[in-house]
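The values are calculated or read from the model by the stated rules, or taken from the named source; none is laboratory data. Since we're looking at a predicted model, the values are computed, not measured. Don't worry about glycine lacking a Cβ; one is built from the backbone with ideal geometry, like all the others, and counts go over all protein chains shown. Note: areas computed on protein heavy atoms with side chains; ligands, DNA, RNA excluded. Shrake-Rupley method; radii C 1.70, N 1.55, O 1.52, S 1.80 Å.
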Amino acid sequence: MPAKADSMRYDIPALYKFLLRHFGFRDWWPGETQFEIIAGAILTQQTSWSNVEKAIASLKLHGALKPEAIAMMPEVKLQKLIRSSGFYRQKAKRLKAISKHIISGSGSVQGFLSRDKTALREELLSMDGIGPETADSILLYAAGKRIFVVDAYTKRIMSRLYGINPDIGYGELQSYFQAELQKSVRIYKDMHAQLVELGKNYCKARPECRPCPLKSRCKYYKTNTTLAQS
Ligand code: SF4
């Protein structure tokens with residue numbers, strides 16, 4: 001847990017209000033069922049969301065967006081259906097593993113997700129290829145449990161905006177948000193989505209600072225004299 005003074009220095013609630021005003025409520029994560037969100041969280045690893053959408057559409061078209069169908073399907077067929085998401089061999093294995101785990105452990109997606117947050121997180125993290133970001137995405141967006149999701153956008157933005165060490169650990173950065181954000185699943189979901197939006201539109205690998213709505217409060221922008229003076 002960070003010192004109170006540290007988290008206050010970042011003023012995360014004010015950042016959320018500012019982003020909300022700029023981008024509007026994001027209503028993220030798209031998904032018609034809890035299992036679609038679980039599958040999306042695995043498929044989005046190391047790829048863009050547009051590639052995930054194609055894989056999800058392909059699974060839906062074949063009636064395969066449920067754990068029973070994925071568990072039964074030959075792995076090669078599953079690889080073909082999710083090919084657009086990249087790393088499709090690994091992801092097919094992960095989708096099959098979690099589908100079988102859900103069926104054998106709880107019998108249903110709802111039963112699986114209704115477990116205690118800490119126990120469910122540990123269970124997810126014990127599975128091959130599921131790290132903290134994927135596990136927390138499933139907990140927050142599929143299970144509706146209050147836990148903040150940190151991703152590459154979060155680290156990049158916080159490091160540029162406030163000068164936080166870009167190598168900060170997942171848990172430490174997560175605790176900054178959890179210490180200061182209003183304790184609401186809806187706001188946790190939306191804050192993550194706002195940061196993704198900022199990262200996609202402005203704070204890219206090569207930042208587009210001039211049109212960025214945060215430039216007047218951004219450490220990176222202010223310390224980059226060429227940008228700030230032009
Ligand atoms: S001003 Fe530039 S570095 Fe700062 S948040 Fe915006 S895009 Fe990122």
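Structure summary
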| quantity | calculated |
| --- | --- |
| Percent carbon-and-sulfur accessible area, region 34-142, ignoring ligands, DNA and RNA, probe 1.4 Å | 54 |
| In degrees, nearest ten, helix 152-162 long axis to first principal axis of the chain (Cα) | 10 |
| Length gained when the stretch residue 186-residue 117 is fully extended (0.36 nm per residue, less Cα-Cα span) | 23.2 nm |
| Sequence-distant lysines (8 or more away, or on other chains) whose Cα lies within less than 20 Å of residue 60 | 77, 80, 91, 93, 96, 100 |
| Over region 34-142, relative contact order from alpha-carbon pairs under 8 Å, at least 6 apart, % | 31 |
| Projected-area mean, the chain, by convex hull of Cα positions, square nanometres | 12.9 |
| Fully extended contour minus Cα-Cα distance, from residue 14 to residue 126, at 0.36 nm per residue | 36.7 nm |
| Solvent-accessible heavy-atom area per residue, rounded to whole Å², over the chain at 1.4 Å | 50 |
| Packing rank of 104-112, 176-184, where each peptide gets the mean count of other beta carbons within 10 Å, highest leading | 176-184, 104-112 |
| Using alpha-carbon coordinates, inclination of helix 34-43 to the longest axis of the chain, degrees | 70 |
| Fraction in percent of alpha-carbon pairs per bin - 10 Å, region 34-142 | 16, 54, 28, 2 |
| Under the Karplus curve 6.51 cos²θ - 1.76 cosθ + 1.60, θ = phi - 60°, whole-Hz ³J(HN,Hα) for region 10-18, x wherever Gly or Pro sits | 7, 6, 5, x, 5, 4, 4, 4, 5 |
